[in-house]
1. Roughly how many Å² is the accessible area per residue of the chain, as a whole number, for a 1.4 Å probe?
2. Under 16 Å from the 7 Å Cα→Cβ point of residue 116, by amide nitrogen: which residues of region 46-81?
3. How long are the three semi-axes of the equivalent ellipsoid for the chain, computed from the Cα gyration tensor as the root of 5 times each eigenvalue, in whole Å, largest first?
4. Can I get the semi-axes of region 110-160's equivalent ellipsoid? Compute them from the C-alpha gyration tensor as square roots of 5 times the eigenvalues, in angstrom, largest first.
5. Along region 113-119, what does the Karplus equation 6.51 cos²θ - 1.76 cosθ + 1.60 (θ = phi - 60°) give for ³J(HN,Hα), rounded to whole Hz, x for Gly and Pro?
6. For a quick check: with amide H placed at 1.01 Å from N, whose amide H comes under 5 Å from residue 113's, ignoring anything fewer than 5 positions away on the same chain?
7. Modelled label-to-label distance, residue 170 and residue 100, 7 Å Cα→beta-carbon offset: nm?
8. For region 1-121, what is the largest minus smallest coordinate of the Cα atoms on each principal axis, given in angstrom and ordered from greatest to least?
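The values are calculated or read from the model by the stated rules, or taken from the named source; none is laboratory data. Here the structure is a predicted model, which is why all the values come from computation and not from measurement. No Cβ is skipped: glycine too gets one built from the backbone with ideal geometry, and neighbour counts run over all protein chains shown. Just the protein is used for accessible areas: all its heavy atoms, side chains included, with ligands, DNA and RNA removed. Shrake-Rupley method; radii C 1.70, N 1.55, O 1.52, S 1.80 Å.
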Amino acid sequence: MPSSPKDILRQQFDAYRRALSTSEHNSRSRRICARTKQHPAVQNAGTLMAYWPHVERGEVDTRPLIGACVAAGMTVALPVVTRFEAGNPAMEARLFSGTDALEANRWGLHEPVHGERILPADLDVIIVPAFGVDQHGHRIGHGSGFYDRFLGDLDCTTIALSFDACMVNDIPTALHDVPATYVITETTTVTPLSRSRASSSAR
């Protein structure tokens, strides 16, 4: 069966991420985290939901961002998968209280499974993982639909993190796809809803 356009892009983005050296991956991730921490939506947030990175798969390493938010007194939550059923996935936000409280699920993702549950309505900002993104805030994830289902009924700021090389003009979308409010890369912050773009040189 021929690969879909999304699958082809996912493979391209995955190949790029896996080809990054450890030092390059760390450097690029730190730059993305620094830009994200300085974003006004994050600066003004009381409760932020991030994700614990699967570094072996080349995800943007969010640990510097999580550490900075905790140090600033912010409440930080991480996702916990509660239903793995194909076509009917589910997850919830739980309080991050430190690395010692994280446990790996069946996919190797580290979760605060015993942390206090945080209601979706109490989240000010959600940091969303992505293989890649486009200029309109659409992203390519693993294809399971966890985040789209979780975000479907929420009205809060979402920020998709991606490497510069994994941002394209357009990604094929479906009706259930939920675009991010902002996209942040090493050098760029994109505001899709207003179709405006602000760039600055990496430092």
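1. 50 Å²
2. Backbone N within reach: 46-49, 70, 73-78.
3. 23, 21, 18
4. Values: eigenvalues 87, 41, 19 Å².
Largest first, region 110-160 gives 21, 14, 10 Å.
5. 4, 9, x, 4, 6, 10, 5
6. Here the answer is 103, since their amide H atoms fall under 5 Å of that of residue 113.
7. Reported label-point gap for residue 170 and residue 100 is 5.3 nm.
8. 47, 35, 27
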